[in-house]
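J.: Right, I'll just put the structure down here and ask away after.
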Amino acid sequence: MNLRDQLIGFEGYEHRVYPDPITRAEPWTVGVGHTGPDVHPGDTWTDEQINAALDADIAEKTAQCRAAFPWFDSLNEPRQAVLVGMCFQMGINRLLGFKNTLQSIADERYANAAEGIRQSMWAHQTPKRALRLAAQLESGQWA
């Protein structure tokens, strides 16, 4: 397992642009959860476009986590992937709202951090994803 495969498993892999399931409009999405000014209703993307966007999105979210969390590089790859995956889905600003969870990660209290994820509103909105990432954070192993 790796972050890329995990994100594809969570987000899917769509060639055709589709609307947000809640708004039925913006934000338009394509590929592996990619949104932005380059995504337009009615478009179809190639595998090359999807993979390039995914690589860029992973690099961007990883850089945001590295900048926000000075301890990020001390985490193993599965735990880093939890933070990058959360950032990928909700954005860095919402991730920063997980103050107690993030402090628990910084203090290497992974069971407490995982419980914070399980008790979050995010876990109620996307339970399978959140519970899987909580288990991954707690164990330090790919889930």
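J.: Need pairs with beta-carbon distance below 6 Å; first residue on the phi < 0 side of the Ramachandran plot and within region 119-141, second in a loop (DSSP other than H, G, I, E, B) and not acidic (D, E); sequence gap 6+ or separate chains.
T.: Pairs found: R132/A143; A135/A143; Q136/A143.
J.: Only helices (runs of 4 or more DSSP H) wholly contained in region 1-114 count here; list those with 1 or more residues that are in contact with a helix residue (DSSP H, G or I) (Cβ under 7 Å, 6 or more places away or on another chain) and closer than 17 Å to A135 by Cα.
T.: Counting at least 1 such residues, we get 3-11, 77-90, 99-106.
J.: Among the residues of region 17-40, count how many are surrounded by 11 or more Cβ atoms within 10 Å (Cβ to Cβ) and farther than 15 Å from D55 by Cβ.
T.: 10
J.: Another question, if that's okay. Given the criteria surrounded by 12 or more Cβ atoms within 10 Å (Cβ to Cβ) and in contact with a Ser or Thr (Cβ under 7 Å, 6 or more places away or on another chain), does T62 qualify?
T.: In short, no.
J.: Return the only residue of Q49, Q6 being under 20 Å from P127 (Cα atoms) and of a type in the set (S, T, N, Q).
T.: Q6
J.: Looking at region 49-74 only, could you name the residues that are farther than 16 Å from T29 by Cα and among the charged types (D, E, K, R)?
T.: Matches in region 49-74: E60, K61, R66, D73.
J.: Going by the conditions given, is R129 surrounded by fewer than 16 Cβ atoms within 10 Å (Cβ to Cβ) and either more than 23 Å from D20 (Cα to Cα) or among the charged types (D, E, K, R) (or both)?
T.: no
A short reminder: the numbers here are calculations on the coordinates, not readings from a lab. Source: prediction; values computed, not measured. So basically every Cβ, Gly included, is an ideal-geometry build from the backbone, and we count neighbours across all protein chains shown.
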